[in-house]
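Taken together, the values in this text are just the output of simple stated rules run on the coordinates, not laboratory data. Computed from a prediction, not measured in an experiment: that's the story for all the values here. So basically every Cβ, Gly included, is an ideal-geometry build from the backbone, and we count neighbours across all protein chains shown.
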Amino acid sequence: MPFFAPAQFIVDRDDARCIRCKVCVNQCSFEVHSYDAETDEVRSRDERCVGCHRCEALCPTRALAVRFNPMEIRPNANWRPEHIRDLQRQADTGGVLLTGAGNDKPFRIYWDHLLLNASQVTNPSIDPLREPMELRTFLGRKPDRLDFDDLDGELTTELGPQLVVETPIVFSGMSYGAISYNAHLALNQAAQEFGTLYNTGEGGWPAEFRRFGNRTIVQCASGRFGIDLDYLESAAAVEIKIGQGAKPGIGGHLPAEKVTAPVARTRMIPAGTDALSPAPQHDIYSIEDLAMLIGALKEATGYAKPVCVKISAVHNAAAIASGAVRAGADIIAIDGLRGGTGAAPKVIRDNVGIPIELALAAVHDRLVKEGIRNHASILAAGGIRSSADVVKAIALGADAVYIGTAALVAMGCTLCQMCYTGKCNWGIAVTDPWLTKRLNPDIATRHLVNLLRAWSLEIKEMLGGMGINAIESLRGNRLQLRGVGLEDWELKVLGVRGAGA
């Protein structure tokens, strides 16, 4: 017999306002609402509500309000309602609890404890409205020195392939199947329009999207879904995914419910089966193995595309990053514990990994001390929420940042964390054709472009306030940061001084 656990959300309906239009009934993929023609009543089953708020948003008479159920049991600091609810679910199912989105636990968010410097008189600020500000960023391996011809001054040093983005913000890998076709189309179009990059994630790349290849990073993950020579040759860069922040040390999982015929065709797997990526890449068991794969990918693409290695933020991330750079990686992507996911074991998402701020600072310092920082660019990911986070990440040592959850929110995501069910009411984390239609890719593109434009303007304002007119002058410049409310060991790892120092 199942546990009768209290509902997580409560749906309040003002019956006087309700006009029985049945919009809520038709819009909820979780079947919370139902209409009884005999009594002319619309009823709600609170226990099915996931808190996506679509019914509330679309109700024409504002008759609905969805609120969190505090589940007011006897206070117990150790046995919180979340623990009791999880225990009840596992007692019912005997299975691993899955979740979507990123880590929502109250670990310290270091971005909120870092403040930016501002210029005053001796080093005056810059007005970004009247003076040029440079956000263009080059991602890829840089030489140790530049040589020029003595006669005509032409550059004679051969440069490796570079990715050029007009703002230091890149869309991170979210696989086809984890998010919808229309969401991928919007990300492709926005990257193309704004001059940044889109990452396919590990779920393959629909052939019709390959016209956006000059702005696309393709992933080579452990499952090798959808990878062939055209996949590699059509892209601007290739990313080897070793790990991701939401689930370090384990593989990927796309539930069978989301593997529709188009997803299966793109991933080159049977429809209706779980898409499982192994935890390790079975051809990488050493840095030498990684070097061989990097070399093979470069050879397959004519040495014309940079190769990125994506790792999870863990305690030895600095050593891993150093090895990857020495193995030939042109870009290192580091994904922190607040990174999002379509499906991950809840216990992994909530307990494994470290914050991106600490890992980023450690990786940058290690590469600088070893004299190889210029051999690879750094992409920071995992919980980037605002333009201020972007600026602080670059001051800690990143060249640019990946955003995933922020991009989904810009498209309409409400972080109900039910991505793995395949029932996303907003048409984002879903493959059902009926639900996918709910996301208009052109409107979503406009929202994404607006987000990139807004953040870029804010970055220019912050740079101007620091008296800096080019983003590269901020990279690794921790004198522009000060810590507030941090322990000495945290300031030491981050490499910043306390406020007032």
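So if I take the alpha carbon set of the range 9-95, get Rg, then get Rh from the Kirkwood formula, what is the Rg over Rh ratio?
Numbers: Rg = 15.8 Å, Rh = 14.7 Å.
Rg/Rh for the range 9-95 comes to 1.07.
Would you mind calculating the gained length between Glu288 and Glu458 on full extension (0.36 nm times residue separation, minus the Cα-Cα distance), in nm to one decimal?
Values: separation 170, 0.36 × 170 = 61.20 nm, distance 4.26 nm.
In short, 56.9 nm is gained.
Tally the DSSP beta bridges in the chain and give the antiparallel ones as a percent, rounded to 5.
Numbers: 20 of 50 bridges.
Of the beta bridges lying entirely in the chain, close to 40 percent run antiparallel.
I'd like the chymotrypsin sites (Phe, Trp or Tyr not before Pro) in the range 105-196 restricted to DSSP loop residues with at most 16 other Cβ atoms within 10 Å, sorted by number. Can you show the working numbers first?
Details: sites: Phe107, Tyr110, Trp111, Phe138, Phe148, Phe171, Tyr176, Tyr181, Phe194; in loops: Phe107.
Here the sparse-neighbourhood loop sites are Phe107.
Enumerate the amide H contacts of Ile240 below 5 Å, restricted to partners 5 or more residues apart or on another chain; note that Pro and chain-start residues carry no placed amide H.
Residues meeting the criterion, in which the H sits 1.01 Å from N, are Cys220, Cys308, Val309, Lys310.
May I ask you to list the GluC sites (Glu not before Pro) in the range 468-501 that are in a DSSP loop and have at most 12 other Cβ atoms within 10 Å of their Cβ?
On the way: sites: Glu472, Glu487, Glu490; in loops: Glu487.
Sparse-neighbourhood loop GluC sites (Glu not before Pro): Glu487.
Counting only residues 5 or more places away or on other chains, whose amide H sits under 5 Å from the amide H of Glu134 once H atoms are built in the peptide plane?
Answer set, sorted by chain and number: Ala470, Ile471.
What list of ³J(HN,Hα) couplings, whole Hz, do you get for the range 347-361 from phi and the Karplus terms 6.51, -1.76, 1.60, once you set θ to phi - 60° and write x for glycine and proline?
These are the phi-based 3J(HN,Hα) values: 5, 6, 4, 8, 9, 10, x, 10, x, 4, 4, 6, 5, 4, 4 Hz.
Based on the alpha-carbon gyration tensor of the range 153-249 and its eigenvalue square roots a ≥ b ≥ c, which shape applies: rounded if a/c is under 1.5, prolate if not and a/b is larger than b/c, or oblate?
Numbers: a/c = 1.70, a/b = 1.44, b/c = 1.18.
The shape class here is prolate.
Percent of Cα-Cα pairs more than 32 Å apart in the chain, please.
45 percent
Mind scanning Lys392/Lys492; Lys105/Lys247; Lys305/Lys460; Lys310/Lys392 and naming the pairs with a C-alpha gap bigger than 23 Å? Please list the in-between numbers first.
Numbers: Lys392/Lys492 16 Å; Lys105/Lys247 15 Å; Lys305/Lys460 29 Å; Lys310/Lys392 20 Å.
From the list (Lys392/Lys492; Lys105/Lys247; Lys305/Lys460; Lys310/Lys392), the Cα-Cα distance tops 23 Å for Lys305/Lys460.
Identify unpaired cysteines across the chain, taking unpaired to mean no other cysteine Cβ lies under 4.7 Å from the residue's Cβ.
Lacking a cysteine Cβ partner under 4.7 Å: Cys18, Cys21, Cys28, Cys49, Cys59, Cys220, Cys308, Cys413, Cys419, Cys424.
Post the alpha-carbon centroid distance, the range 99-143 to the range 272-330, in whole angstrom.
28 Å
Work out from phi, with θ = phi - 60° and the Karplus expression 6.51 cos²θ - 1.76 cosθ + 1.60, the ³J(HN,Hα) of each residue of the range 233-238, listed in order in whole Hz, and give x for Gly and Pro.
Ordered by residue, 3J(HN,Hα) equals 6, 7, 8, 8, 7, 10 Hz.
For a test of the definition: using alpha carbon positions, the gyration tensor, and the 1.5 limit on a/c, classify the range 34-169 as rounded, prolate or oblate.
On the way: a/c = 2.58, a/b = 2.36, b/c = 1.09.
The shape class here is prolate.
Please give the FRET efficiency for Asp274 paired with Leu115, using the beta carbon to beta carbon distance and R0 = 30 Å, rounded to the nearest 0.05. Walk me through the numbers before you get to the answer.
On the way: r = 46 Å, r/R0 = 1.52.
With a Förster radius of 30 Å, E is 0.05.
Test of the criteria: in the range 43-144, which GluC sites (Glu not before Pro) are in a DSSP loop and have at most 13 other Cβ atoms within 10 angstrom of their Cβ? List each step's numbers first, then the result.
Values: sites: Glu47, Glu56, Glu72, Glu82, Glu134; in loops: Glu72.
Answer by residue number: Glu72.
How much length is gained on full extension from Leu159 to Ile73, taking 0.36 nm per residue of separation minus their Cα-Cα distance? Could you put the intermediate results ahead of the total?
On the way: separation 86, 0.36 × 86 = 30.96 nm, distance 6.34 nm.
Fully extending the segment from Leu159 to Ile73 adds 24.6 nm.
Describe numerically, in nm with one decimal, the distance between label points set 7 Å from Cα along Cα→Cβ at Asp14 and at Glu487.
Each label point is offset 7 Å from its Cα along the Cβ direction, giving 5.0 nm.
Please give the calculated 222 nm ellipticity per residue for the chain, where each DSSP H segment of at least 4 residues contributes -39500 (n - 2.57) and the sum is spread over every residue; nearest 500 deg cm²/dmol? Could the numbers behind the result be given before it?
Working: 15 runs with 146 residues, N = 501.
Estimated from H runs of four or more residues: -8500 deg cm²/dmol.
Computed FRET efficiency, Cβ-Cβ of Arg497 and Ala37, R0 60 Å: what is it to the nearest 0.05? Let's see the in-between values first.
Details: r = 69 Å, r/R0 = 1.15.
The formula returns an efficiency of 0.30 here.
Using 0.36 nm times the number of residues separating Ala256 and Arg89, minus their current alpha carbon distance, what extension gain do you get? Before the final figure, lay out the partial values.
On the way: separation 167, 0.36 × 167 = 60.12 nm, distance 2.07 nm.
Extra length available between Ala256 and Arg89 comes to 58.1 nm.
Kindly write out, for the range 308-314 in residue order, the coupling ³J(HN,Hα) from the Karplus curve 6.51 cos²θ - 1.76 cosθ + 1.60 (θ = phi - 60°), rounded to whole Hz, with x marking Gly and Pro.
Once rounded to whole Hz, the list reads 9, 10, 9, 10, 7, 7, 10.
Taking every DSSP beta bridge that has both residues in the range 9-95, what percent is antiparallel when rounded to the nearest 5? Can you show the working numbers first?
Details: 9 of 9 bridges.
Here the share of antiparallel DSSP bridges comes out near 100 percent.
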